[in-house]
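Quick notes on the structure that follows.
The values are calculated or read from the model by the stated rules, or taken from the named source; none is laboratory data. Predicted, not measured: the structure shown is a model, and the values here were computed from it. So basically every Cβ, Gly included, is an ideal-geometry build from the backbone, and we count neighbours across all protein chains shown.
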Amino acid sequence: MKLNRVPVLDLSTGHLTIKTREWMGAMAEAGRYGIMQREEGFFTSTHHVEREDRVDLPPDLFHCLNFAVANDIQYMLFDMDADLQAGIPVYDETPVPCQIGDLRLACEGLDEDHDFIRPDGAEPSPVLWMDPHSKLQRMILGYEPGSVDPEMLCIEPDGQVLEDEEFFAPEGCWVTVGNASIRIGLPVDVDEPTLRISVLPKGHEDVGIIFEQMTVTFSEIEEEISKIDQVEADGMEP
């Protein structure tokens with residue numbers, strides 16, 4: 001039976017300012033924006049950023065949602081115990097003076113020890129946001145909603161991380177370890193069922209040399225398994 005699964009991005013609430021968290025709590029209580037509040041944080045959908053003119057969302061929240069959409073994530077879980085995400089700014093909750101034109105307000109500063117993706121190298125700047133519900137004007141260090149191309153926030157997968165478990169590959173597989181590409185498969189140029197393992201340079205598999213190559217027949221493997229089974233049946237250590 002196939003399970004219906006959807007990806008969820010688990011983010012620390014440290015990626016949101018206190019003012020934004022307070023706003024999300026109020027929206028959850030009012031049943032707005034599909035935000036659900038939990039004791040540890042919030043849960044929400046990422047569809048809110050489908051429009052680039054969502055100026056009604058706090059800039060820091062919009063950037064988190066934009067980051068999720070760029071990486072094909074459909075839902076967000078903001079949790080106070082979650083790990084920090086390397087691709088998004090973190091706020092240290094210390095008020096700093098920010099200014100736009102003649103307007104000067106205090107807003108939360110950034111955690112300078114946290115590295116994150118800076119789209120086109122642009123640093124977060126003070127963004128004026130008008131809460132459409134409380135009609136209060138707030139200033140947040142971040143990026144204007146709609147100003148960041150989601151492609152700039154996309155994190156390219158670095159291959160599958162293999163856990164300590166068994167993987168079954170009927171016809172073979174291709175594994176990358178460091179700078180080595182390891183091909184494991186069943187060669188077609190032999191008569192007896194055989195396993196072939198080849199080690200090649202990553203990124204140059206078709207033109208580079210084959211560092212190592214090993215072949216072993218399935219009859220040899222079955223014979224070894226039979227020997228071990230017999231030793232264990234006799235009550236001896238294999």
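Does the stretch 47-58 contain any residue that is under 22 Å from Leu141 (Cα atoms), modelled with pLDDT of 85 or more and of a type outside the set (Phe, Trp, Tyr)?
yes
Going by the structure shown, is Asp92 surrounded by 11 or more Cβ atoms within 10 Å (Cβ to Cβ), in contact with a strand residue (DSSP E or B) (Cβ under 7 Å, 6 or more places away or on another chain) and of a type outside the set (Ser, Thr, Tyr)?
So Asp92 passes the test.
Could you pull out the residue among Met236, Met139 that is free of Cβ contacts under 8 Å to residues at least 60 places away in the same chain, outside any strand (DSSP E or B) and either among the aliphatic types (A, V, I, L, M) or assigned by TED's automatic domain parsing to the domain that holds Pro58 (or both)?
Met236
Given (1) surrounded by 13 or more Cβ atoms within 10 Å (Cβ to Cβ); (2) in contact with a Cys (Cβ under 9 Å, 6 or more places away or on another chain), identify the lone condition not met by Thr176.
Condition not satisfied by Thr176: (2).
In the stretch 1-32, what residues are closer than 23 Å to Gly87 by Cβ, in a loop (DSSP other than H, G, I, E, B) and in contact (Cβ under 8 Å) with a residue 24 or more places away in the chain?
Selection gives Val6, Pro7, Leu16, Thr17.
Look through Val6, Val55, Val69 and report the one residue that is touching a Phe, Trp or Tyr at 6+ places or on another chain (Cβ under 9 Å) and over 28 Å from Pro95 (Cβ atoms).
Val6
Taking Ser226 as the residue in question, decide whether it is out of contact with any helix residue (DSSP H, G or I) (no Cβ under 6 Å at 6 or more places or on another chain), surrounded by 11 or more Cβ atoms within 10 Å (Cβ to Cβ) and of a type in the set (Gly, Ala, Ser).
No: the conditions fail for Ser226.
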